[in-house]
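Data block below; observations after.
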Amino acid sequence: MFGATSAGQSNWLQDTMNNIKNSETQGGLLGMLSNAAAGNNDGSTNSFLTNSISAANGLATIAQTSVTSYSSLIAQMASARQQKAQAQKLTDAMTSLQQTQSQVQAKNVLDPTIFMPDGSTIDTANNVMTMSDGTQYDITTGAKYVDPSMIIQMANGSYLDTKNNILTMADGSRIDSVTGIRLSTTV
């Protein structure tokens, strides 16, 4: 744009040559050798060594990344193999346990009903002892037995025996629900 007589003189021939050289620059080792041969102001050996260090660092980074990635892959594969082996051992143990349990059948050695000499009976399936007069007791607790289907539970802990019409209070006192008479206090 500027002519030879203008204030911004430019050597268009030299600029063109520089542009051609810049477009032909190669990367890698050939580029380093080309840059060293160009004879930069700091000297060709120094430029070559600087570029060599940069290239060596790049190659070392690539190598380290490869080793790290490979190590990570090996660790993942080992972990997956170990988890698979543990899952197989657990499956084998559960199968063995199920086979063992199926071999031994639980048996109730007691008769479902035991008859006593005084006329009372024990229901071993429900843990209820019925006396000869008809009174029933829970044989695990010793308390009087009341059929659960005949019980109405109250919010304060009391319950009503609808079969016998007895209200048992939370403190243990018993009231006849028909007459309202207190039957006993077990506190």
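Assorted remarks:
- The set of residues in segment 68-112 being modelled with pLDDT under 80 and among the hydroxyl-bearing types (Ser, Thr, Tyr) consists of SER102 alone.
- Boolean, THR140 is within 28 Å of LYS163 (Cβ to Cβ) and exposed (fewer than 10 other Cβ atoms within 10 Å of the Cβ): yes
- Lone qualifier among THR130, THR135 - being closer than 30 Å to VAL109 by Cα, surrounded by 12 or more Cβ atoms within 10 Å (Cβ to Cβ) and without any contact (Cβ under 8 Å) to a residue 60 or more places away in the chain: THR130
- Pairs where the first residue, in segment 160-177, is of a type in the set (Asp, Glu) and the second is open to solvent by less than 60 Å² (accessible area, probe 1.4 Å) and part of a loop (DSSP other than H, G, I, E, B), C-beta under 8 Å, 6+ apart: ASP161/VAL146
- Residue tally, condition outside any helix (DSSP H, G or I), open to solvent by 80 Å² or more (accessible area, probe 1.4 Å) and not basic (Lys, Arg), over segment 58-113: 8
The values are calculated or read from the model by the stated rules, or taken from the named source; none is laboratory data. Quantities reported herein were computed from a predicted structural model and do not represent experimental measurements. No Cβ is skipped: glycine too gets one built from the backbone with ideal geometry, and neighbour counts run over all protein chains shown. Protein only, heavy atoms only, side chains kept; ligands, DNA and RNA dropped before computing areas. Shrake-Rupley method; radii C 1.70, N 1.55, O 1.52, S 1.80 Å.
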